[in-house]
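Novice: Here it is: the structure, laid out below.
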Amino acid sequence: MSATPPRPADRYAVLGHPVAHSKSPAIHAAFAAQTGAWLTYERIECPLAGFGDAVRAFAASGARGCNVTVPFKFEALALAGSASDRARLAGAANVLSFDGPDPRDWRADNSDGIGLVRDIEANAGVAVAGTRVLLIGAGGAAAGVLGPLIQARPASLLLVNRTASKAVELARRHAALADACGVALATGGLDAAGADAATHGFDLVLNASASSLAGNEPSPVAASVLRPGTLALDLMYGAAAEPFMAWAQAHGATPRDGLGMLVEQAAEAFCIWRGQRPQTAPVLAALRDASTRTTP
């Protein structure tokens, strides 16, 4: 009697442009080893005009879900037949779950914000409640984290962007949530950050702008936003975050990159797909150790 062939591994991937640098395959491999999950996780580089086709082809292959990174998070939300409340509020998604090849059976979610808050509070040891927060940027990254940041109940949150009208629109979508959570939510251009800091200072400075990707400036805001003890976190990680972190450290703040956020948002995505939350601390420690050993 012939043996029963093994069940194919569940397929997942991260889709983006660029995506070759992504650490997500290693992170999800570690989560799978922890939990005994039988899965594969790959990187899929998408052409800028071909994201939808790439997702549809991946889902048609029998895949269970995917993560979505820049610059496709807004487009990802529009592809899915349903979405979580946090994805709808953000207007962007970084997690898609497939219940078949038909997009009407796909569900969009956003794990970025909860990943950021968990990294700040659990890994960096800083409680968000009652703090003054500066969030720089109003694109897909900022959209994904603003709601969970508000739900963590800082005293105030200033959202600034090079194009101030984009910050105003993003804040408008979150105004009711901010009122419900008792958070003073304000917006402005990049110069508003320095003006506000001159009087009050910020406890958390979060860089969700494209400045890290551009690589041509260490920070899009003035150093007056920082003070001793400020946690200055760039949502990017690796070389892209180094100029911002060096700028923060040079001005007396505590620098942090987005590697912890990456691991925490991946754990949330894993839980969405698998119904089981993996341990993040050993995975983050291993990534930090590997990064230290490969840094010249």
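Novice: Please find, within segment 143-164, the residue that is modelled with the lowest pLDDT out of those that are touching a strand residue (DSSP E or B) at 6+ places or on another chain (Cβ under 9 Å) and part of a helix (DSSP H, G or I).
Specialist: Ala164
Novice: Within the bounds of segment 83-97, is there any residue that is more than 24 Å from Ala142 (Cα to Cα) and of a type outside the set (Ser, Thr, Tyr)?
Specialist: Taking segment 83-97 and keeping what is more than 24 Å from Ala142 (Cα to Cα), we get none.
There is no residue in segment 83-97 that is more than 24 Å from Ala142 (Cα to Cα) and of a type outside the set (Ser, Thr, Tyr).
Novice: Among residues belonging to segment 242-296 that are over 30 Å from Ser97 (Cα atoms) and among the acidic types (Asp, Glu), point out the one that is modelled with the highest pLDDT. Spell out the reasoning first.
Specialist: Taking segment 242-296 and keeping what is over 30 Å from Ser97 (Cα atoms), we get 242-256, 289-296.
Now narrow it down to the ones that are among the acidic types (Asp, Glu): 242, 289.
On the way: Glu242: 93, Asp289: 90.
Going through the qualifying residues, I end up with Glu242.
Novice: Looking at Pro218, Pro282, which one is under 30 Å from Cys66 (Cβ atoms) and surrounded by fewer than 20 Cβ atoms within 10 Å (Cβ to Cβ)?
Specialist: Values: Pro218 fails: under 30 Å from Cys66 (Cβ atoms).
The unique qualifying residue is Pro282.
Novice: Another question about this same structure. If I go through segment 241-263 residue by residue, how many of them are assigned to a helix (DSSP H, G or I) and more than 15 Å from Thr69 (Cα to Cα)? Before you say what the answer is, go through the steps one by one.
Specialist: The initial filter retains those residues of segment 241-263 that are assigned to a helix (DSSP H, G or I), namely 241-250, 259-263.
Of the ones still in play, those that are also more than 15 Å from Thr69 (Cα to Cα) are 241-250, 260.
The qualifying residues number 11.
Novice: Only residues that are in contact (Cβ under 8 Å) with a residue 40 or more places away in the chain and among the aliphatic types (A, V, I, L, M): list them for segment 211-258, please.
Specialist: Once the filter is applied, which keeps residues that are in contact (Cβ under 8 Å) with a residue 40 or more places away in the chain and among the aliphatic types (A, V, I, L, M), segment 211-258 yields Leu213, Val221, Val225, Leu231, Leu233, Leu235, Ala248, Ala253.
Novice: Look at Asp10 and say whether it is surrounded by fewer than 15 Cβ atoms within 10 Å (Cβ to Cβ) and modelled with pLDDT of 95 or more. I'd like the intermediate steps shown before the answer.
Specialist: Values: surrounded by fewer than 15 Cβ atoms within 10 Å (Cβ to Cβ): no; modelled with pLDDT of 95 or more: yes.
Spelling it out, it is not the case that Asp10 is surrounded by fewer than 15 Cβ atoms within 10 Å (Cβ to Cβ) and modelled with pLDDT of 95 or more.
Novice: For residues that are touching a helix residue (DSSP H, G or I) at 6+ places or on another chain (Cβ under 6 Å) and of a type in the set (A, V, I, L, M, F, W, C), scanning just segment 227-240, find the one that is modelled with the lowest pLDDT.
Specialist: Step one: list which residues in segment 227-240 are touching a helix residue (DSSP H, G or I) at 6+ places or on another chain (Cβ under 6 Å), which gives 232, 234-237, 240.
From what's left, of a type in the set (A, V, I, L, M, F, W, C): 232, 235-236, 240.
Working: Ala232: 98, Leu235: 96, Met236: 92, Ala240: 89.
It comes out as Ala240.
The values are calculated or read from the model by the stated rules, or taken from the named source; none is laboratory data. Note that the structure is predicted; figures quoted are calculated from it, not measured. Cβ atoms come from the backbone with ideal geometry, glycine included; neighbour counts cover every protein chain shown.
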